[in-house]
Amino acid sequence: MADWNPALYRRFEDERTRPAAELLARVPSVGGASRATFAVDLGCGPGNSTELLVRRFPQARVLGVDNSASMLVSARERLPGTEFTEADIAAWTPAAGEAPDLLFANAALQWVPDHAELLPRLFGLLAPGGVLAIQMPDNWQEPSHRLMREVARDPAWATQIGDAESLRTPLLGIGRYYDLLAPLAAEVDVWHTIYQHRMAGPGAIVDWLRGTGLRPFVDRLSEAQRAGFLAEYERRIDAAYPLRADGQRLLAFPRLFIVARKAGATAA
């Protein structure tokens with residue numbers, strides 16, 4: 001895929017940051033008195049979620065990790081005193097001798113394959129008493145995402161896009177995630193939240209998704225094909241999300257949350 005567009009992503013930053021803040025609110029205190037807390041933001045994007053960690057743990061060492069150079073430029077501009085590194089979070093590990101007290105992944109792991117191996121691996125990187133905190137969009141069956149795949153199967157774009165069903169890692173289900181982590185953890189908290197985002201119209205919904213979910217589809221198309229694909233997609237979005245009483249549209253956005261704490265040292 002082409003690199004991420006930080007400006008497009010930040011267009012709906014308040015809505016994107018809200019689940020990160022609600023995830024962080026469920027994270028207990030981590031670290032101890034004998035050393036500085038080490039918190040890692042996996043898939044940090046333009047730094048909006050990293051900023052939450054910096055505020056929550058002002059004395060901690062905070063590291064942002066992302067595989068997008070453009071996102072990291074934006075994150076460093078936002079938080080010039082914070083450490084960022086470019087890496088694929090599917091294979092990322094801390095430096096030798098380091099163990100994070102918090103691994104925080106907000107709307108990132110849905111792009112990473114093999115969750116049955118990935119989550120136990122990440123959990124194993126934690127320091128004693130450390131926390132793995134994850135939030136992932138769970139909207140693959142929502143109209144917004146079903147319509148992406150429907151349009152992608154149109155003969156005008158099908159050859160270029162290929163198998164639309166394979167363009168994002170399928171989530172395992174909330175029970176499966178619990179079962180993966182419960183035997184390893186002292187505590188596991190899992191839950192769903194369905195956000196209802198007020199959007200000005202179908203074009204706004206398309207703009208939201210152009211910054212994230214639509215990228216694997218449109219990045220495979222030429223400029224002319226992309227324009228046609230987005231026009232057809234917006235037409236179908238208009239029909240799927242009706243006007244509300246105030247002239248807005250409501251974009252239902254389910255998200256899955258996981259907070260798992262490792263046994264060991266208690267928080268200070």
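The values are calculated or read from the model by the stated rules, or taken from the named source; none is laboratory data. The model shown is predicted, which means the values in this text are computed figures rather than measured ones. Methodologically, a virtual Cβ is constructed for each residue, glycine included, from the backbone with ideal geometry; neighbour enumeration extends over all protein chains shown.
A few comments on the model shown:
- Restricting L147, L103, L79 to those that are within 21 Å of P183 (Cα to Cα) and either at pLDDT 95 or above or not assigned by TED's automatic domain parsing to the domain that holds T50 (or both) reduces the list to L103.
- Selected residue (only one of A239, A224, A245, A252 is over 25 Å from the mean Cα position of the chain (by Cα) and within 17 Å of L147 (Cα to Cα)): A239
- Unmet criterion (only one of (1) surrounded by fewer than 21 Cβ atoms within 10 Å (Cβ to Cβ); (2) in contact (Cβ under 8 Å) with a residue 60 or more places away in the chain) for M71: (1)
- Within segment 81-105, tally of residues that are more than 24 Å from G264 (Cβ to Cβ), part of a strand (DSSP E or B) and under 19 Å from the mean Cα position of the chain (by Cα): 3
- Counting the residues of segment 205-233 that are in a helix (DSSP H, G or I) and buried (at least 18 other Cβ atoms within 10 Å of the Cβ) gives 14.
- Members of segment 17-54 that are at pLDDT below 95 and among the basic types (K, R): R18, R35
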